[in-house]
Structure formats: C-alpha cells, structure tokens
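The structure under discussion appears below in the form of structure tokens.
Any read-out appearing in this document is the output of simple, stated calculations on the displayed coordinates, not a laboratory observation. This one's a predicted model, so the numbers in the text were calculated from it and none came from an experiment. Ideal geometry is used to build each Cβ from the backbone, glycine not excepted, and the neighbour counts take in all protein chains shown.
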Amino acid sequence: MVEYTPEEVDMLIKLLRKVKPKGSLKVEKTIRYLEQRHKFFNPNKEMLIYIIKHGDRFKLDPDLLLKMKNDMVTKKPK
C-alpha cells in the first residue's frame, strides 16, 4: 500500500477544490474524507483515475502524480 504524506493530501484537496463540479456529492465526500485523514489515504482505483486525469490538467506536483500512477497500477479492479 502506498502512503501519502499530509502535504501530499493537502495538494490533493486543493486540486479537488479547483475541479469540483457543481453539485458533485462524490467529490465533496472525497474532500471531507481527505481533510479527516491526513495521515492515511488509501484511494480506490476509480478515485486515482479521477485525480490523475485532473492532476495532469491542473499541473499537480509531478512527483505526486507519478506516485499516484504507480499506486493505480497496483490496485485491483473492483
């Protein structure tokens, strides 16, 4: 399991706030989840795909983006 630092989680929260579609309960829940779990973030494959897609577009930290892409490869589909 990949571990994300509190600083990396903060970057993800900022990213999600930038891309948050209006009325998206799923993104709102993800943001709340991240805010509560700065020391433990275990995203599922679907969440990783969503964040990576927007991370490329909004220039997320390249090291964090690579880390998430590597994490996605190790995740099993549902």
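May I ask you to compute the full-extension gain from residue 76 to residue 26, defined as 0.36 nm times their residue separation minus their alpha-carbon distance, rounded to one decimal in nm?
Between residue 76 and residue 26, full extension yields 15.9 nm more.
Under a Cβ-only charge scheme (Lys and Arg +1, Asp and Glu -1), can you give me the dipole magnitude of the chain about the Cα centre, in debye to the nearest 20?
460 debye
What shape does segment 18-71 take by its C-alpha gyration tensor, where a ≥ b ≥ c are the square roots of the eigenvalues and a/c under 1.5 counts as rounded, a/b above b/c as prolate, and the rest as oblate?
Oblate, because a/c is 1.5 or more while a/b does not exceed b/c.
Which links in 14/75; 14/76; 20/45; 26/75; 18/76; 45/67 stretch past 22 Å when you go from one Cα to the other?
Beyond 22 Å between Cα atoms: 14/75; 14/76; 18/76.
Using the charge dipole of segment 6-74 (Lys, Arg: +1 at Cβ; Asp, Glu: -1 at Cβ; taken about the Cα centre), state which of 64, 24, 11 has its Cα farthest towards the positive end.
24
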